[in-house]
Amino acid sequence: MTDKPSQIIIEEIHSKALEGNALGDPSKRRVPIYLPAGYDADKETYPSLYLLSSFGARGLKMLSDDLWEENIQERLDRLMSSGKMRPMIVVMPDASTRYGGSQYVNSSATGNYEDHILELVDEIDRNYATLADAEHRAIAGHSSGGFAATRFGMLHPEVFGLVADHSGDKYFEMTFRADFPKLFRYYDKVGEKGIKKLLANPALELRNGAPFTALGLLATASCFSPNPSARFGFDLPFDLHSGELVPDVWERWLSFDPVEAIEEHSEALSSLRLLYIDCGLYDEYNLLYGARLFTQKLAEKNIPFQYEEFEGGHRNIRYRYDISFTAISEAIPKTRKDDHA
């Protein structure tokens, strides 16, 4: 045991990828980094885990004090001191936007957040004692963070060799589309002017009663169907007045759906050291059915994965990190030091 406790370092990282983004969001981001107890850059290198926040949150939120819940440092300390998780560096990015979130994708309407995460990996590897290869680098997240973790595993298995997806967005026909009428009703109430007010100042309009779901759908459109010449800076996959689906825009959304993307990215998924997925039985966004369909398709293609369903809904699932972090730790290859521990 070491006497040197774990540390949280909050780095201010300037992102070239986010410079000049359409929303004017800051290109400098505050990124919490967890260094395990006994961290010694001169004597040891460590696996790394990138932990992605859900929509409406960023990495700093994981540090918050909660009366009945561990913060991320307390959880990691407990898991590592008990031997359930090997010492590793944990990075908590900030991919938030004025609209609430970026889905961690590149978009002309929000910014190049996929590039930002890849850029962040290079920054961390340069400045911290990481084992700088995919088999020692994991990515995990909840909700849109879970969606992004799976997507990074599909698109960048050479960067992230282990994925943990907690209740990530999947099967958009069952999830996003089911919420479209909530935005239609809000539009009927406030019109185009009200939609533009919501996009200009989400914090104020949410306080004034705008539904969070309406903002979430608009934010998702800004990520999945950007269009600089459109009235909002992005296309919507439906007509706001009639509710009629706009097929070509909806197809653009579906191209991001992990359920639809398995065919194209099956080789990348098969190469992962770990693909962990879970979802609550009572998920309020119907994500359980997307998780079941996704894992069914994985099984049909003989792609290895771990899947769990648990009692609960979409929120208050941080205790599930105990399971995924342990799975990540077990799947990372042992080093020479581990063999002599």
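For LYS297, LYS196, LYS43, what's the fewest-to-most ordering of other Cβ within 10 Å of each Cβ?
Ranked by crowding around the Cβ, least crowded first: LYS43, LYS196, LYS297.
Give me the percent relative contact order of segment 177-254, please, defined on Cα pairs under 8 angstrom at least 6 residues apart.
27 percent
Normalised by the residues of the chain, what does the relative contact order come to in percent, with Cα pairs under 8 Å and at least six apart?
This gives 17 percent for the chain.
Could you go through segment 28-44 in sequence order and give the Karplus-derived ³J(HN,Hα) for each residue, using 6.51 cos²θ - 1.76 cosθ + 1.60 with θ = phi - 60°, rounded to whole Hz, and x for Gly and Pro?
Calculated HN-Hα couplings, in order: 9, 10, 8, 10, x, 10, 8, 10, x, 3, x, 3, 9, 5, 7, 10, 8 Hz.
Which three numbers, in whole Å and largest first, are the semi-axes of the equivalent ellipsoid of segment 177-254 derived from its Cα gyration tensor as √(5λ)?
Listed largest to smallest, the semi-axes of segment 177-254 are 19, 14, 11 Å.
Among ILE33, VAL90, SER64, whose Cα lies farthest out toward the positive end of the dipole of the chain, if unit charges sit on the beta carbon of Lys, Arg (+1) and Asp, Glu (-1)?
SER64
Helix 258-271 against the longest principal axis of the chain: what's the angle in degrees, Cα atoms only, rounded to the nearest 10?
20 degrees
Please report, in whole Å, how far the alpha carbons of the chain spread along each principal axis, starting with the longest.
67, 44, 37
Residues in segment 238-263, backbone N under 18 Å from the label point at ALA230 (7 Å along the Cα-to-beta-carbon vector): list them, ranges by number please.
238-257
Taking neighbour counts of Cβ atoms within 10 Å as a proxy for exposure, in what order, fewest first, do HIS116, HIS166 appear?
Going from sparsest to densest Cβ surroundings: HIS116, HIS166.
What relative contact order, as a whole-number percentage, does segment 1-45 give when Cα pairs under 8 Å and 6 or more residues apart are counted?
After rounding, I find 50 percent.
If you find the alpha carbon centre of segment 110-134 and of segment 151-216, how far apart are they in angstrom?
Their Cα centres are 26 Å away from one another.
Considering the options GLY111, ASN127, VAL163, tell which one lies farthest towards the positive end of the dipole of the chain, charges being +1 on Lys and Arg and -1 on Asp and Glu at the Cβ, about the Cα centre.
With unit charges placed on the Cβ atoms, the residue in question is GLY111.
Any idea how far apart ASN316 and TRP68 come out in nm if each label point goes 7 Å out from Cα toward Cβ?
With each label point 7 Å from Cα toward Cβ, the separation is 0.5 nm.
Using each residue's phi in segment 15-22, evaluate 6.51 cos²θ - 1.76 cosθ + 1.60 at θ = phi - 60° and report the 3J(HN,Hα) Karplus result to the nearest Hz, with x for Gly and Pro.
My calculation for segment 15-22 gives 9, 5, 5, 9, 4, x, 5, 5 Hz in order.
No value in this document is a laboratory result; all are computed from the given coordinates. Keep in mind the model is a prediction, meaning the values are calculated, not measured. Here the Cβ is made from the backbone with ideal geometry for all residues, glycine too, and neighbour counts use every protein chain on show.
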